[in-house]
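Colleague: Could you have a look at this structure, given as structure tokens, before my questions?
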Amino acid sequence: MAEVICPENELIVIDKDQLLEKTMEMKHAKLRLSQACASYINGKYELCYSFANDKTYEFKTLKVVMEKDDAVSSITSIYPYATFYENEMTELFGCKIEYINVDYHNRLYRIDETAPFLPKEAKEAKKEGEK
Amino acid sequence: MGKVKKSPWLLHYDASSCNGCDIEVLACLTPVYDVERFGVVSTDDPMQADILLITGGVNSQSEAVVRQLYEQMPRPKVVVAVGVCACTGGVFKDCYNIKGGVDTVIPVDVYVPGCAARPQSIIDGVIKAVEIFQKRSDEHDAYEREHRHDGQVPAETSGKGNQ
Amino acid sequence: MAKRSVIPYGPQHPVLPEPIHLDLVIEDEKVIEAIPSIGFVHRGLEGLVDKRDYNEYLYVVERTCGICSFGHGLGYVEAIEHIMNVEVPDRAKFLRTIWLELSRMHSHMLWMGLMADAFGFESLFYQCWRIREKVLDMLEMTTGGRLIFSVNRVGGVLRDINPEQERIILDTLSGIEKDVRDIYNTFMTDYSVESRMKGCGHLSKVQAMELGCAGPFGRASGIRTDMRKRGYEAYGQLDFEPITSVFGDCYARCDVRIREVFQSIDLIRQAFAKIPGGDLAVPVKGNPNGEYFCRIEQPRGEAIYYVHGSGKKYIDRFRMRTPTFANLPGLCETLKGASLADVGLLIVTIDPCISCTER
């Protein structure tokens, strides 16, 4: 019988200023950036960065909860291939991520709408905030 | 269908399909279903294609591509919408980025339903398209014979419609 | 210095079965850089969560992609089941495993065909697809669908495999194994195939790790990881090891994928030997409340499904990260330095599934 390696997923909620520091720790632990995604839940952005270990099958997720108008720094300086994930997040949800190494400026998918996955009221509030 | 007079060429494009219908279109071309026995040949060049098989609904990115492919095809041409997404938008109809079926952008002649469309129904659709193509190309030839005065009369059953 | 120019590649291109667009910066025949722009198949189906309840949404998830449809459905229901603490009956777990392995077989054979087509070996392409039809027949017999089955539901499966069907599947598998053995010999020993693929698109283990490659693409470079080892569904009770290679070129990727077909055949046999009787599904009450990242091994690699529910009929957020999305940086890296004629081959070699990538 083959050995089953199934550690529980870990979810760590962190402050947005801690993101780079924690990501650096993941990099030092030789974890692979597995995915990054944004969600918009109860009027706040939730950015999830998941890291996986290919040997032990650990799966750690860093979750940043931030306000609508907050900005977070890009992790592409640590994990260069996060480019696609971060461009996708900004394009679909309109969250602000600064200093992405290759910034497509919301033209990764080239969709007509801006931030299509945001609920309508959030989009309107955002527009007014920008005015 | 009766005697095959023409041998139309097929062009396939994936507008925003889920791959299901694409793969079935490809499966039609392989020996198990072998749509080529009806005289059609798959091509990848829109300039030489007569029948356009489109899978998937149209979104804002692929709209221009679909229109361009249709423009590039020589006349007469036939469009087959393969799968329920290409017919009406299907399960993705409510998605924000889907404009609807292929007929919102270009005229469609044959609708093949199914999710994913079975190879048998795709073959049925292609046969219908071949018949329509034959009729159109006959009309086209007749028109050419009537209106051209340079002495070069197209033959009754030339391989392809004159452009 | 040679002059640089940019060639747009795609979205409609003879070698591409699906629309993807690449801007290739080339110097003479050599590709210096490849800039992908995606979005031709973007439908935005993650946004449908607020229009379909969590049971209906399963049918949308399954239609993300027609090749890995079963795996997508499985990842989604498994995430929901984990959130709702539903214990699926053992028989359902084994049935899911069998169907997932059959999907893997048909996906890999499809890829083998496309690969053969990409380097111009038409008869091999036809042979691969001929064998693939047998797998599709088995799937149609047991589930009723050729590509999109919709046999999953939250809490179990909808259909059973009876002893008669089991016998047919096992018989057919022996035939397929023999056929694939022949194909394997052609791919691995034919000198024209070898000269086209050996050394082409090399990616070292370090590069693959730094680019976060997943699935057979990463395994061909020596990353020994396979999500099935996590033991979801019935994989914990089956005996297998991840298949890897050390060479990291097109030839190795081909080798890994074909050997995975044999592995799938073996896993299906093991599963049929151990499958218990019992119910197919348990009733499920209530709505999902919580969040979970579910990871499963798709034919193309590690796929991640994130479900966030808050006790309502409609879940808040569903997100899938598909293996092709993770392999895009790897593709751009392998394209650097390749000759223009190899670009088509290299795109096919990551087994791209664009409709998964763009959703």
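What follows draws every value from the coordinates through simple rules; no lab data is involved. Worth saying up front: this structure is predicted, and the values here are computed from it rather than measured. Note that each Cβ is placed from the backbone with ideal geometry, even for glycine, and that neighbours are counted across all protein chains shown.
Colleague: What net charge do the residues around A:ILE100 carry, taking every other residue with its C-beta under 14 Å from that of A:ILE100, with Lys and Arg at +1 and Asp and Glu at -1? Numbers along the way, then the final one.
Modeller: Numbers: positive: A:LYS96, A:ARG107; negative: A:GLU86, A:GLU88, A:GLU91, A:GLU98, A:ASP103.
Combined, the nearby Lys, Arg, Asp and Glu give -3.
Colleague: With the Cα gyration tensor of the stretch C:147-202 giving a ≥ b ≥ c as the square roots of its eigenvalues, does the rule (a/c under 1.5 for rounded; else a/b larger than b/c for prolate; else oblate) give rounded, prolate or oblate?
Modeller: oblate
Colleague: Please work out the C-alpha center-to-center distance from the stretch A:57-98 to the stretch C:294-321 and express it in whole Å.
Modeller: 18 Å
Colleague: Please list the radius of gyration and Dmax for the stretch C:206-324, considering alpha-carbon atoms only, with Å as the unit.
Modeller: Final numbers for Rg and Dmax: 17.5, 50 Å.
Colleague: Between C:LYS51 and C:LYS313, what is the label-to-label distance in nm when each label sits 7 Å out along the Cα-to-Cβ direction?
Modeller: Here the answer is 1.7 nm between the modelled labels.
Colleague: Take the stretch B:67-121, drop everything but the C-alpha atoms, weight them equally and run the Debye formula without solvent; then report log10 I(q)/I(0) at 0.17, 0.25 Å⁻¹ to two decimals.
Modeller: So the normalised log intensities work out to -0.57, -0.99.
Colleague: Separate question: Across the Cα atoms of the stretch C:66-219, what radius of gyration and what greatest pairwise Cα-Cα distance (Dmax) are found, in Å?
Modeller: Computed over the Cα atoms of the stretch C:66-219, radius of gyration and Dmax are 18.3, 54 Å.
Colleague: Of all GluC sites (Glu not before Pro) in the stretch A:1-58, which ones are in loop regions per DSSP and have a Cβ with at most 13 other Cβ atoms within 10 Å? Mind dumping the intermediate values first?
Modeller: On the way: sites: A:GLU3, A:GLU8, A:GLU10, A:GLU21, A:GLU25, A:GLU46, A:GLU58; in loops: A:GLU3, A:GLU8, A:GLU58.
Passing sites in the stretch A:1-58 are A:GLU3, A:GLU8.
Colleague: Please name whichever of C:ALA34, C:VAL246, C:GLY236 sits farthest to the positive end of the charge dipole of chain C, dipole taken about the Cα centre and charges placed at Cβ: Lys and Arg +1, Asp and Glu -1.
Modeller: Sorting the options by dipole projection puts first C:GLY236.
Colleague: Just the number, please: percent antiparallel of the DSSP beta bridges in chain A, rounded to the nearest 5.
Modeller: Approximately 70 percent, going by the DSSP bridge assignments.
Colleague: Which FRET efficiency value, to the nearest 0.05, is calculated for B:LYS135 and C:ASP239 with the Förster distance at 51 angstrom and r the Cβ-Cβ distance?
Modeller: Efficiency computed from Cβ-Cβ geometry: 0.25.
Colleague: Starting from the alpha-carbon convex hull of the stretch B:1-144, give the projected area averaged over all orientations, in nm².
Modeller: The orientation-averaged projected area of the Cα hull of the stretch B:1-144 comes to 8.0 nm².
Colleague: At a threshold of 8 angstrom on Cα-Cα distance, excluding pairs fewer than six apart, so keeping six or more, what relative contact order does chain C reach in percent?
Modeller: It rounds to 25 percent for chain C.
Colleague: Based on the Kirkwood radius over alpha-carbon pairs, what is the Stokes-Einstein translational diffusion coefficient of the protein assembly as shown at 37 °C with 0.692 mPa s viscosity, in µm²/s? Kindly include the intermediate steps, with their values, before the conclusion.
Modeller: Numbers: Rh = 25.7 Å.
Using the Kirkwood radius from Cα pairs, D works out to 128 µm²/s.
Colleague: A further question on this structure: Between rounded, prolate and oblate, where does the stretch B:26-85 land on the alpha carbon gyration tensor, with a ≥ b ≥ c its root eigenvalues, rounded for a/c under 1.5, else prolate if a/b exceeds b/c?
Modeller: oblate
Colleague: Could you work out [θ]222 nm for chain B from helices alone, using -39500 (n - 2.57) per DSSP H run of at least four and dividing by all its residues? Round to the nearest 500 deg cm²/dmol.
Modeller: After summing the helix terms and dividing by the residues of chain B, the value is -11000 deg cm²/dmol.
Colleague: In addition: Given contacts defined as C-alpha pairs under 8 Å and at least six residues apart, what's the relative contact order of chain B, whole-number percent?
Modeller: Here the relative contact order equals 26 percent.
Colleague: Given Cα positions, please report Rg to Rh for the stretch C:1-53, the hydrodynamic radius being the Kirkwood one.
Modeller: Radius of gyration relative to Kirkwood radius: 1.24.
Colleague: Let me ask you something else. Along the positive direction of the dipole of chain B (beta-carbon charges: Lys, Arg +1; Asp, Glu -1; about the Cα centre), which of B:GLY39, B:ILE132, B:GLY57 reaches farthest?
Modeller: Among B:GLY39, B:ILE132, B:GLY57, the one farthest towards the positive end of the dipole of chain B is B:ILE132.
Colleague: Spin-label point model (7 Å from Cα, Cβ direction): what's the A:VAL4 to B:PHE38 distance in nm?
Modeller: Placing both labels 7 Å along Cα→Cβ, they lie 5.0 nm apart.
Colleague: R0 = 25 Å: FRET efficiency of A:ALA71 with A:HIS28, Cβ-based, nearest 0.05? Before the final figure, lay out the partial values.
Modeller: Details: r = 25 Å, r/R0 = 1.01.
The formula returns an efficiency of 0.50 here.
Colleague: Can you tell me the Rg and Dmax of the stretch A:66-105, counting just the alpha carbons, in angstroms?
Modeller: In order Rg, Dmax, the Cα atoms of the stretch A:66-105 give 9.4, 26 Å.
Colleague: So, one more: Between the DSSP loop rule and a limit of at most 15 other Cβ atoms within 10 Å, which GluC sites (Glu not before Pro) in the stretch C:13-104 are left?
Modeller: Loop-located and lightly packed - C:GLU29, C:GLU56, C:GLU87.
Colleague: If one takes the longest principal axis of the Cα atoms in chain B, at what angle in degrees, from 0 to 90 and to the nearest 10, does the Cα axis of helix B:20-29 lie?
Modeller: With rounding to tens, the tilt is 40 degrees.
Colleague: Rank by packing, highest mean first: peptides B:91-97, B:104-110, with packing defined as the count of other Cβ atoms within 10 Å averaged across residues.
Modeller: Per-residue mean Cβ counts within 10 Å order the peptides as B:91-97, B:104-110.
Colleague: Another question, then. Using only alpha-carbon positions, what ratio does the radius of gyration of chain C give when scaled by 2.2 N^0.38 Å? Show your work: numbers first, answer last.
Modeller: Numbers: Rg = 20.5 Å, N = 359, 2.2 N^0.38 = 20.6 Å.
Here the answer is 1.00, to two decimals.
Colleague: I want to verify the translational diffusion coefficient of chain A in µm²/s; compute it with Stokes-Einstein, Rh as the Kirkwood radius over Cα pairs, at 4 °C and 1.567 mPa s.
Modeller: The calculation lands on 82 µm²/s.
Colleague: Okay, moving on. For every helix of n ≥ 4 consecutive DSSP H residues, a contribution of -39,500 (n - 2.57) applies; sum these over chain C, divide by its total residues, and give [θ] at 222 nm rounded to the nearest 500 deg cm²/dmol. Don't skip to the answer; put the middle values down first.
Modeller: Values: 12 runs with 168 residues, N = 359.
Calculated from helices alone, the mean residue ellipticity at 222 nm is -15000 deg cm²/dmol.
Colleague: Any idea what the alpha-carbon Rg over 2.2 N^0.38 Å comes to for the stretch A:6-66?
Modeller: So the stretch A:6-66 has a normalised radius of gyration of 1.12.
Colleague: With angles folded into 0 to 90 degrees, how steeply does helix C:163-189 sit against the dominant principal axis of chain C? Use alpha carbons for both and round to 10.
Modeller: Computed tilt is about 10 degrees.
Colleague: Restricting the count to DSSP beta bridges whose residues both fall in the protein assembly as shown, what percent are antiparallel, rounded to a multiple of 5?
Modeller: Roughly 70 percent of the beta bridges in the protein assembly as shown run antiparallel, per DSSP.
Colleague: Moving to a separate point now. Note down the nm distance, to one decimal, between modelled labels 7 Å out along Cα→Cβ at B:ALA142 and at C:ILE32.
Modeller: So the label points at B:ALA142 and C:ILE32 sit 5.9 nm apart.
Colleague: Using alpha carbon centroids, what distance separates the stretch C:105-163 and the stretch B:63-142, in Å?
Modeller: The stretch C:105-163 and the stretch B:63-142 have Cα centres spaced 26 Å from each other.
Colleague: Round to the nearest 10 and give me the degree value, 0 to 90, for the angle of helix A:83-93's Cα axis relative to the longest principal axis of chain A.
Modeller: Relative to chain A, helix A:83-93 is tipped by roughly 40 degrees.
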